[in-house]
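Trainee: Starting off with a structure, shown below.
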Amino acid sequence: MSNYIIETRRLDFLFRSGQPILHQLSLQIPAGSIYGFLGPNGAGKTTTLRLILGLLKKQEGSITLFGKELAGHRLDILGRLGSLIEQPSLYLHLSGRENLEIFRLSYQCPKKRVDEVLEIVRLKDAASKKVKAYSLGMKQRLSIAIALLHDPELLILDEPTNGLDPSGIIETRELIKSLNREHSKTIMVSSHMLAEVEKMATHVGIINKGKLVFQGALQELQQLKSKQSAIEIEVNDTAKAQRVLNGHFPVKQINGSRLLVDFESKEKTALLNRTLIQQDVEVYQMALTQNDLENLFIEITSE
Amino acid sequence: MATFIINTKAELWKCRKTAAYWITLIAGIFIPLVMWLMMTIDAKEFVRDFGNDAWQTLMRACWQPTAAFLMPMYVILVTSLVVQIEYRNNTWKQVYASPRSYADIFFSKFLVIHGLILTALLLFNLSILVAGYGANAIHGTYKFFDTAVPWTDMLTVTGKMYTAVLAMTAIQYWISLRFKNFIAPIGIGLALLITGIMIVQWKHVVYYPYAYTLLTYFKNLNKGNAVLVHLNYSWIWFVGITLLAFWDTVKRKERG
């Protein structure tokens, strides 16, 4: 058996209109990891997660969870994972505890689990309130509590921080980290925010327009990111600056009075600055460009 | 099987505090309550009308509006309301992502709908008894205490009326599962019901499920089993559509 809790091979998916959503998607989620599934809105993240959970019928490719094909072992697989897909799915007319009771019956776990999961997501005090009166953050936490009820080995969370305020985002992130560390859960979490994923994931998969453009450990992504980072320099004479830097620091791009040069290290940046000044080029500004997800996509996909 | 029973219990819990519960209660007590009020306020007139055949007359008075319109209308509403709980709360995906077989999900909910319909019928009969005895307790001139409750008739009518709505429950359940919008199953159901009322005199009406309550009560109730052929068709529709709807659920490409 492979060491991957979830593995998809060459997954293709077309909408009824014929519009392709996923193309040859091969995901590998290692056991014990927090796998950040990153991509802009509409990239195909939710479609992928819905396929993995059997909510969408597979068209091409294969989906394996815990080393078993989803198609033939649906009940066994679903019994070993907990999920939260898109907005919270909760019975608003019932209390938090009643919601948990309903799913507790379906998962057939002991009654004491309800209090345990309420404790984990810190909702004990609000357990008897109707879910209708919950804030979005509380609803998300209750949804995670439902996903945890049967103490599953794997959690699949689709944008769990979506719509939360900053403190809610931090709380959810800490919860995910502690579930991974203290309760040894493998967690697949989707997000459209690189910064968010970087703070909790051990592994990352980046999807863009239905294709996997990067997959690996977080360190690999960070290396790639620094490789792709650039320094933007504002000078009085770009032509002269380009001549001065030629051969030592390859100029990637010129935008008006600004030059873009690959970032290598802090020391190299100081040297670059010195070189320009020594050759009488006036430097007005020098900054490491923010490499957000969008830029990174462009960089990765253009390779 | 044990899993199925537990999940049916969970499905029933979901209906708590919802319109499906309240409408069941109203469907059960509304008509007998109105009858009781009328019998209490206009006792003189009703005592004369009811005479020595008090229970049969009261049962007829309660069943007529129920069979003509209220019962099929209740079936249409309760089926849509139970299914709507999942659509409104966006919970289908959570249901299908839990370790439950498709048969379990499909039949447990359907069973809850039938449980609610049977509860409404039980309440209806109990309310008839309460209305009769209640009116008699206030006005001693009624003959409810003096005549025996026609238990057999009560059970027979109830059984036949339940059989008459079986076909409708399957059709309405399928429509409710198919449409996310609450208005669709109710609108379609209502249109089919009104059509049923319109064509009740037609010779082929026995094939039309939405006319079965009318046919059962007004045309054939006291004419023996031979003329209740439409109740057999109700069973056929029920089994056929239930199987089709289940097959459709299993084959769906998208859930929740």
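Trainee: Yes or no: segment A:199-211 includes at least one residue that is without any contact (Cβ under 8 Å) to a residue 12 or more places away in the chain and outside the structural domain of A:Met286 (by TED's automatic domain parsing).
Mentor: Looking through segment A:199-211, none of the residues is without any contact (Cβ under 8 Å) to a residue 12 or more places away in the chain and outside the structural domain of A:Met286 (by TED's automatic domain parsing).
Trainee: Among the residues of segment A:176-189, which ones are surrounded by 20 or more Cβ atoms within 10 Å (Cβ to Cβ) and within 18 Å of A:Gly137 (Cβ to Cβ)?
Mentor: Correct list: A:Ile176, A:Leu179, A:Val189.
Trainee: Scan segment A:101-116 residue by residue and report those that are touching a residue at least 24 places away in the same chain (Cβ under 8 Å), under 29 Å from the mean Cα position of the chain (by Cα) and away from chain B (no Cβ under 11 Å).
Mentor: Across segment A:101-116, the qualifying residues are A:Arg113, A:Val114.
Trainee: Give me a count of the residues in segment A:147-169 that are touching a strand residue (DSSP E or B) at 6+ places or on another chain (Cβ under 7 Å) and part of a helix (DSSP H, G or I).
Mentor: Here the count works out to 2.
Trainee: Taking B:Phe106, is it under 23 Å from the mean Cα position of the chain (by Cα), under 17 Å from B:Leu12 (Cα atoms), part of a helix (DSSP H, G or I) and away from chain A (no Cβ under 14 Å)?
Mentor: Taking the combined requirement at face value, the residue satisfies it.
Trainee: In addition: Collect the residues in segment A:73-93 that are within 7 Å of chain B (Cβ to nearest Cβ), in contact (Cβ under 8 Å) with a residue 24 or more places away in the chain and of a type in the set (A, V, I, L, M, F, W, C), keeping them in residue-number order.
Mentor: Within segment A:73-93, A:Leu78, A:Ile85, A:Leu90, A:Leu92 qualify.
Trainee: A:Val213 passes all but one of (1) exposed (fewer than 14 other Cβ atoms within 10 Å of the Cβ); (2) assigned to a strand (DSSP E or B); which number fails?
Mentor: (1)
Trainee: Kindly indicate whether A:Tyr35 is under 30 Å from A:Lys199 (Cβ atoms) and surrounded by fewer than 20 Cβ atoms within 10 Å (Cβ to Cβ).
Mentor: So A:Tyr35 fails the test.
Trainee: Among the helices (runs of 4 or more DSSP H) confined wholly to segment B:139-256, which include 1 or more residues that are more than 26 Å from B:Arg60 (Cβ to Cβ) and among the charged types (D, E, K, R)?
Mentor: In segment B:139-256, the matching helices (runs of 4 or more DSSP H) lie at B:151-178, B:229-251.
Trainee: Then there is this: Do we find that A:Gly168 is at pLDDT 90 or above and either at positive phi or not assigned by TED's automatic domain parsing to the domain that holds A:Gln285 (or both) in this structure?
Mentor: no
Trainee: Here is a list of conditions, (1) modelled with pLDDT under 90; (2) within 24 Å of A:Leu22 (Cα to Cα); (3) not in a strand (DSSP E or B), and A:Leu272 meets all of them except one; can you say which number that is?
Mentor: (2)
Trainee: For segment A:190-209, which positions are part of a loop (DSSP other than H, G, I, E, B) and either under 8 Å from the mean Cα position of the chain (by Cα) or under 17 Å from A:Ser33 (Cα atoms) (or both)?
Mentor: Across segment A:190-209, the qualifying residues are A:His192, A:Met193, A:Lys199, A:Met200, A:Ala201, A:Thr202.
Trainee: So which pairs qualify, if the first residue must be in segment A:125-143 and not assigned by TED's automatic domain parsing to the domain that holds A:Glu171, the second must be at pLDDT below 95 and crowded, with 20+ Cβ neighbours inside 10 Å, the Cβ gap must be under 8 Å, and the two must be at least 6 apart or on different chains?
Mentor: none
The values are calculated or read from the model by the stated rules, or taken from the named source; none is laboratory data. Because the structure is a prediction, the values reported are computed rather than measured. Heads up, the Cβs are rebuilt from the backbone with ideal geometry, glycines too, and the neighbour counts pull from every protein chain shown.
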